Amino acid sequence: MTETKNEELIDRFEKHIEHTKAIRKYSIERFDLLIISLSTAAIGFSVVALKDLLPISRSCFLLAKVSWLLFVISIIGNLVSQLLSFNASGLEIEVSTNRIRELKQKKSKINIEETDKLMQRQNKVIVILNYVCLASFITGLILILIFVFINV
């Protein structure tokens with residue numbers, strides 16, 4: 001009976017590893033798309049704003065600069081979040097792989113509890129970074145809209 005239960009657990013861990021690998025792959029694929037689209041939008045708007053809206057007041061130009069800074073923070077935060085996500089997925093794979101090893105009566109190659117704690121800390125940082133990215137992007141968008149309404 002225990003052997004059957006272990007086989008079921010091993011099967012669940014192996015499926016979990018495959019699912020986590022798919023998430024990891026998706027994370028990296030989205031990384032390029034997010035960075036390129038946000039960067040392009042920020043750069044494109046800055047070129048249009050500087051070219052078509054000059055001359056503008058210093059205080060108004062400060063709005064544009066702050067919004068661009070917020071867009072950059074969003075992009076960098078997203079970059080860090082994606083890299084941490086990729087790493088956390090790798091840790092998840094290690095934990096699950098070594099749990100399978102233990103179920104097969106083999107010695108774990110890692111300290112599962114410590115690796116799991118590290119993964120959980122990274123996941124918390126990822127959630128915080130995602131909220132920071134969203135908040136900075138929305139705030140930057142609001143500031144850039146105010147900038148446009150003032151100057152158009």
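The values are calculated or read from the model by the stated rules, or taken from the named source; none is laboratory data. Bear in mind that the values here come from a model prediction, so they are computed numbers and not experimental data. Here the Cβ positions follow ideal geometry from the backbone for every residue, glycine too, while neighbour counts run over all protein chains shown.
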In segment 103-146, the residues that are under 30 Å from residue 6 (Cα atoms) and β-branched (Val, Ile, Thr): 110, 112, 115
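Being at pLDDT 75 or above and touching a helix residue (DSSP H, G or I) at 6+ places or on another chain (Cβ under 7 Å) narrows it down to one of 22, 64, 42, so name that one.
Details: 22 fails: touching a helix residue (DSSP H, G or I) at 6+ places or on another chain (Cβ under 7 Å); 42 fails: at pLDDT 75 or above.
Of the residues listed, the single one that is at pLDDT 75 or above and touching a helix residue (DSSP H, G or I) at 6+ places or on another chain (Cβ under 7 Å) is 64.
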- request: Among residues belonging to segment 85-115 that are crowded, with 19+ Cβ neighbours inside 10 Å, in contact (Cβ under 8 Å) with a residue 40 or more places away in the chain and within 18 Å of residue 128 (Cβ to Cβ), point out the one that is farthest from the chain's Cα centre (by Cα).
  value: 89
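Out of all the residues in segment 51-58, is one or more in a helix (DSSP H, G or I) and modelled with pLDDT of 90 or more? Step through it out loud before you land on a result.
Taking segment 51-58 as the starting set, the residues that turn out to be in a helix (DSSP H, G or I) are 51-52, 58.
Checking the rest, the ones that are also modelled with pLDDT of 90 or more come to none.
No, that holds for no residue.
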message: Report every pair of residues separated by at least 6 positions or lying on different chains whose Cβ atoms are under 6 Å apart, first residue within segment 2-18 and touching a residue at least 12 places away in the same chain (Cβ under 8 Å), second assigned to a helix (DSSP H, G or I) and basic (Lys, Arg).
response: 13/99
